[in-house]
Structure formats: C-alpha cells, structure tokens
Amino acid sequence: MDETKRCEACRMDIRVEATRCPHCRERQPGAERMHRGGEGRVLGGVCTALARQLSVDVGLVRVAFVVALALSGGTVLMVYLLLWGLTPPSAMGRAPVQRGADWLRRVTSGEVEEPRVERRV
C-alpha cells in the first residue's frame, strides 16, 4: 500500500512524494525547488523538471514540447534553452546562469579564490 499524507489546504489524503495536491493544486510544504536532476533525464532535464513540478507524466511534457516545437518554428527551443539556463542541475545546486554571474562578479571585483586542496586518505 502506498504511503500517504494529508494536504494542509484541503485535508485530502495524497501520496507522500507529491509536491502539489491533485485535488486543490496547493503546493505542499517541504517540496523541493525545481531542478533538472533525477531519474528520467534525457537531454537537458528540462522536461523532467517541468513534469515533476506540474505533477504530470514526463512523456506528456515531452510530447507537448515536440508538438509546440513543430508549431512554433523553433521559438520553443529558445524557451527550452532559457529554462535550462535558469534551472539548477540539482536541488542544492546553482543554475548555469547564476554560476556564470558569480564568476563574472569575482573576476570584475578582483577577488582571488584560494586553491582547492584535495585530501586523500
């Protein structure tokens, strides 16, 4: 039997891993932020992240992406690349755009980074 928890908004039983309640669509406390990592990642992980965020099957998101790509003449590809740049690769990671901005800030401010030392046991 699947483990369940109660939605704090509508008090209905939902799956433990649910990030949104399927009844009232309220975001559940403790739900992790959107990220591209995890199982089911194919190219950049954007469709997987969107499916996880929207609580839908990743296959539906991929089919919708391909259909939208065919109908938009390539505009959806720019949206995909933008989402890839703004979405971190892991729940605790930083997005590529954030990492680039941090690097640029360090370079322009003249901060010197200490070399990383790896200890082997």
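The values are calculated or read from the model by the stated rules, or taken from the named source; none is laboratory data. None of the values given here were measured: they were computed from a predicted structure. Cβ placement follows ideal geometry from the backbone for every residue including glycine, while neighbour counts extend to all protein chains displayed. Side chains are part of the model used for accessible areas, which takes the heavy atoms of the whole protein and leaves out ligands, DNA and RNA. Shrake-Rupley method; radii C 1.70, N 1.55, O 1.52, S 1.80 Å.
Using only side-chain charges placed at the Cβ, +1 for Lys and Arg and -1 for Asp and Glu, the dipole size of the chain relative to its Cα centre rounds to 100 debye.
Working note: Cα atoms of the stretch 48-110, range along each principal axis, descending, whole Å: 47, 28, 11. Cysteines in the chain that lack a partner Cβ within the 4.7 Å cut-off: CYS47.
When only Cα pairs below 8 angstrom with a gap of at least 6 residues are kept, the chain shows a relative contact order of 17 percent. If only the Cβ of Lys and Arg carry +1 and only the Cβ of Asp and Glu carry -1, the dipole of the stretch 1-67 around its Cα centre is close to 240 debye. Treating r as the C-beta distance of LEU81 and GLU17 and R0 as 35 Å, the FRET efficiency rounds to 0.75.
Where q = 0.10, 0.15 Å⁻¹, what log10 of I(q)/I(0) comes from the Debye formula for the chain, counting one point per Cα? Debye output, listed in q order: -0.48, -0.86. The phi torsions of the stretch 75-83, fed into the Karplus equation with coefficients 6.51, -1.76 and 1.60 and a -60° offset, translate into couplings of 5, 5, 4, 5, 5, 4, 5, 5, 5 Hz, rounded to whole numbers, with Gly and Pro shown as x. The residues of the chain present an accessible area of 77 Å² per residue when probed at 1.4 Å with all protein chains retained.
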